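The values are calculated or read from the model by the stated rules, or taken from the named source; none is laboratory data. Computed from a predicted model, the values in this text were never measured in an experiment. FYI the Cβ positions are ideal-geometry reconstructions off the backbone, even for glycines, and counts take in every protein chain you see.
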Amino acid sequence: MLNERKVTQMAAYFLHKRGGRMSHLKLMKLLYLADRESLRLYGLSMSGDCMVSMPHGPVLSMTLNLMDGDVESLPGGWESFISAKENHELALKTELQADTLDELSKADTDVLETIWQQFGNLSRWQIRDYTHQHCPEWEDPHGSSKPIGFEKLFQALGRSSDEAKRLADHIGEQHHIDELFATL
């Protein structure tokens, strides 16, 4: 289940590193790669979002909807920190304060910094091409979209079939628990 405040803070972190403005394509790829790295290291998604293959590579589905303005943001969520997309770019609305990123743990910011160090210097097209060539879970959806299951992702990250299934089942259980708490 998407944690909008957390994914917003993940995006704000990368936008801040880039001087406050970035192509939405590059930002999405950085967010995807950060979530993927968190899954590789800890077996947990930072964003809680669903992953899908799209023509320009893998994306975080609900986060893309937030970027595109296709869904309404929650109070204190996306629209509180990030401007509407203009000329295929997103920008921070205000300067980040020290306590702004309160949803991110030290482990989260370490993952974000690692991804920034590896990919922050790439153009939007270079990082898109990287995800096409180095993320085997991505499959060309031929103009549509195709879900990327966590089991498939864990296998692409080198986990055995049994371990990938166990980790994917755990994420499914966590999503179910999150949904139950969301109804309270």
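Take Ser80 and tell me if it is surrounded by fewer than 20 Cβ atoms within 10 Å (Cβ to Cβ), of a type in the set (Ser, Thr, Tyr), over 14 Å from Met10 (Cβ atoms) and in contact with an Asp or Glu (Cβ under 8 Å, 6 or more places away or on another chain). Let's see the steps before the verdict.
On the way: surrounded by fewer than 20 Cβ atoms within 10 Å (Cβ to Cβ): yes; of a type in the set (Ser, Thr, Tyr): yes; over 14 Å from Met10 (Cβ atoms): yes; in contact with an Asp or Glu (Cβ under 8 Å, 6 or more places away or on another chain): no.
Answer is no for this residue.
On inspection, Glu173 does not qualify as touching a strand residue (DSSP E or B) at 6+ places or on another chain (Cβ under 6 Å) and either farther than 25 Å from Arg18 by Cα or surrounded by fewer than 17 Cβ atoms within 10 Å (Cβ to Cβ) (or both).
Figure legend. Inter-residue proximity from the range 145-160: first residues more than 21 Å from Leu64 (Cα to Cα), second residues loosely packed, with under 15 Cβ neighbours inside 10 Å, beta-carbon distance below 6 Å, spacing 6+ or different chains. Indicated pairs: Ala156/Pro136.
Condition check ((1) within 26 Å of Met54 (Cα to Cα); (2) at pLDDT 90 or above; (3) out of contact with any Lys or Arg (no Cβ under 8 Å at 6 or more places or on another chain)) across all residues:
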position	(1), (2), (3)
Gln155	yes, yes, yes
Glu163	no, yes, yes
Leu167	yes, yes, no
Asp178	no, no, yes
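Here's the yes/no breakdown for (1) more than 10 Å from the chain's Cα centre (by Cα); (2) free of Cβ contacts under 8 Å to residues at least 40 places away in the same chain:
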position: Arg5; (1), (2): yes, no
position: Tyr13; (1), (2): yes, no
position: Gly19; (1), (2): yes, yes
position: Met46; (1), (2): no, no
position: His56; (1), (2): yes, no
position: Ala84; (1), (2): yes, yes
position: Leu101; (1), (2): yes, no
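Of the residues in the range 21-34, at least one is surrounded by fewer than 18 Cβ atoms within 10 Å (Cβ to Cβ) and either under 27 Å from Gln155 (Cα atoms) or not hydroxyl-bearing (Ser, Thr, Tyr) (or both).
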